[in-house]
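Values quoted throughout were computed directly from the atomic coordinates according to the rules given, and no laboratory measurement underlies them. Small disclaimer: the values here were computed from a predicted structure and weren't measured. Positions of Cβ are backbone-derived with ideal geometry, glycine not excepted, and every protein chain shown enters the neighbour counts.
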Amino acid sequence: MANKGTRKDDSASPNMSKQMFDNVGKPVKRVGPNQKNMDARDDLRWWNKPEEKIASCIGDIVARIETANGQRRTNFVRFAHLYGNYEALGWQNIQLQSNSSTSNNKIRVNVIQSVIDTASSKIAKDDPHPYFITKGQDFFVRLAAEECTNFVEGVMQHNKFADVANDVFRDGAIYGSGFCHWMIEDGKIKCEWCFVDELKVDDYDGMMKSPRSVHRVKIVNKEVLQSRYPDWADELSSYKADTSGARFRKKQSVVDMVRVRESWHLPSKAGADDGVHVISVGDLCLKKEPYDKNYFPIMPWRWMDKPLGYYGRSITEEIYSIQFEINKLLQTAQQAYELVGVPIVFVESGSEVSDDDINQNFIGRMVNYTGTKPVIECPEPLPPSFMQFLGNYMALAYKIPGVSEAAATGTKPAGVESGAAIREVVDIETGRFAQVGTRWEDWYCANAMIILDLAKDLQKQLKEKGDSLVVSKIYKKQVSDIDFSDIADIADNFAVRCDPVSSLPDTSAGRIETITDYINNKWIGKERGMEMLQLDPDLDREVELQIASLRRVDKMLNVMVKSGTMEHPDPYLKLDQALEVSLQVYNLVQSQGCPDDRLALLRAFMDEIVELQKQPSPLQQPSPQGPMAPAPPVAGAPAPQGGPMPPPMPQPMPQ
């Protein structure tokens, strides 16, 4: 009898492959190994999935990446514990091995945290200032580049980017990589810190640090998510958080949190339509839109680059083993002092010394004894070389990343007192972090380019509504508005560079001596030097009074050069200083190709200053006098005639 799933005549032919049929006689398509591999590869191409299937496919992809990167995630937990963060949210299910029989009051010196905080204070304390330049010689294009610089600085100020950058730098030092995320939200350009464990990148895709797909998995309050996507409010209300597996388990909390996945896939080439941006929760696709950028809005920064791989190398990895050796030595010293480093009383056998007299814990007590007096010995718990050995390990922990112990403890090296010596020490420490500092400045430049690109997209959206993108910038306690519509058309012609961070000494004495040298050498003026000091907020008011005239001149010159409106000096300016600054600005803008009509305004401004210098200052003019006294009479001249006689006074009425 023939099998139900195979035709008899086909099975009898040895040269023909067997055709499978189902129970009703319909042929069943056979799936070979190659076809299974093709289906598996198709599942990996989540960006090609329709909207109703893309969310579940992304969930599978993220789960695979998390499983493959399990060891890295465990290392992140260890690094967080070594830095001091024991309450890492979402990491509470990863149990690190510990010996419960040991004491809970172990002495530790957290060298890793000290080194990381010191490096952060040395490199990330001063914000690099990206600025835009242009290859063209047109003067007004140069002015537009300056406006682009002011616009980017305004966006960074509104987002408190300095605080975000400090978090990113700290993550790079602890875990090797730090991230920030730029977005357009509520009609504004926003930036937020992205925790290192929120980013999911496949190891093979990111091997050359240029992945094609990136996923960010973030824990978001369900109420916030419903308000952001009101069309999905009902589905989100009934959605239960994905708590399966050990990757994320909901903690006991009074808020309802869900995992939100935001995924990007770059287009295969310029103009291709296979780039996509998706926001999903579980099997719900909240948003799917084309993505035509050639970059991800998540900017990575690495402490040190590895030869291969997306993630960087951290300070924690560099001194990981040294930190453990220091902890072991400290535990050894602690146990040695507990066991040996206490007074030992030797009492002769048979002597009549009471144990209560010896063991009672009182200071300054009387002990009655008969016979030989008890002998008290205080043995040395550890040899002197032990502390030197421990000190060598701690010095090595600071030396490998390039941090000096003096910088970590906030003290000056011995013999460093003058400003020149302080500057020399700063130069040595700065040179050790030259590569890290360069990457830090490049990271700022990359963020500036993203801000400019997102501003173009937001300007298009606002223009359709009849509005414009305006950002305020605070500079020297003055607020100015920058309208992006004035620079949107030429924003593609700029390149971005970054000013290095300030190399002035941190100490007040070193800073004062350095700037005083600049002033004495006539490299800068006294007022400019006062601006650069920035010593104490209590002195800001006095500094503002001293440089008020200089700022007035700067403002008037800026108006004439940029808007072409004539400004007139007045005698209440410091005229000598105003003339000197005006001449410097004139030569600068003239070399940059400033139009003749703007140069004519500057020349007229300087001519008016010269005329004012010729006139007496209104503060030095004599005060107006009273009426002139009559001249003394000349001999032989007739006496001056008096004026009309006053009317007679009325007499009193008779009684």
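Using r as the Cβ-Cβ distance of Ala604 and Ile519, and R0 as 41 Å, what FRET efficiency do you calculate, to the nearest 0.05? Let's see the in-between values first.
Numbers: r = 31 Å, r/R0 = 0.75.
Between Ala604 and Ile519 the formula returns 0.85.
Could you tell me which trypsin sites (Lys or Arg not before Pro) in the range 179-245 are loop residues by DSSP with no more than 12 other beta carbons within 10 angstrom of their beta carbon? Walk me through the intermediate numbers first.
Details: sites: Lys188, Lys190, Lys200, Lys209, Arg212, Arg216, Lys218, Lys222, Arg228, Lys240; in loops: Lys209, Arg212, Lys240.
Passing sites in the range 179-245 are Lys240.
Just grab the label-to-label distance for Leu284 and Asp489, each label 7 Å out from Cα along the Cβ direction, in nm (one decimal).
The modelled label-to-label distance comes out at 4.5 nm.
Express in nm, to one decimal, how much length is gained between Cys445 and Asp305 on full extension, taking 0.36 nm for each residue of separation and deducting their alpha carbon distance. Before the final figure, lay out the partial values.
Numbers: separation 140, 0.36 × 140 = 50.40 nm, distance 1.81 nm.
Result: 48.6 nm gained on full extension.
Can you give me the distance in nm between label points at Arg72 and Leu588, each placed 7 Å from the Cα along the Cα-to-Cβ direction?
Spacing of the two 7 Å Cα→Cβ label points: 4.6 nm.
Subtracting the Cα-Cα distance from 0.36 nm times the residue separation, let me have the gained length for Val470 to Lys209 in nm, one decimal.
Numbers: separation 261, 0.36 × 261 = 93.96 nm, distance 3.50 nm.
Result for the pair: 90.5 nm of gain on full extension.
Cross-link list Lys190/Lys473; Lys190/Lys465; Lys209/Lys269; Lys53/Lys306; Lys53/Lys240: which exceed 27 angstrom alpha carbon to alpha carbon?
Table pairs above 27 Å Cα-Cα are Lys53/Lys306.
Given 0.36 nm per residue, what is the gain on full extension from Val479 to Arg528 after removing their alpha carbon distance, in nm? Don't skip to the answer; put the middle values down first.
Details: separation 49, 0.36 × 49 = 17.64 nm, distance 2.03 nm.
15.6 nm is the gain from fully extending Val479 to Arg528.
What FRET efficiency do you get for Glu223 and Lys53 if R0 is 25 Å and r is their Cβ-Cβ distance, rounded to the nearest 0.05?
Given R0 = 25 Å and the Cβ-Cβ separation, E is 0.35.
So the label point goes 7 Å from the Cα of Lys188 along Cα→C-beta, right? Which residues of the range 449-486 then have their backbone N under 15 Å from it?
469-474
Under 5 Å between amide hydrogens, which residues at least 5 positions from Lys287 or on another chain qualify, with H placed 1.01 Å from N in the peptide plane?
Ile279
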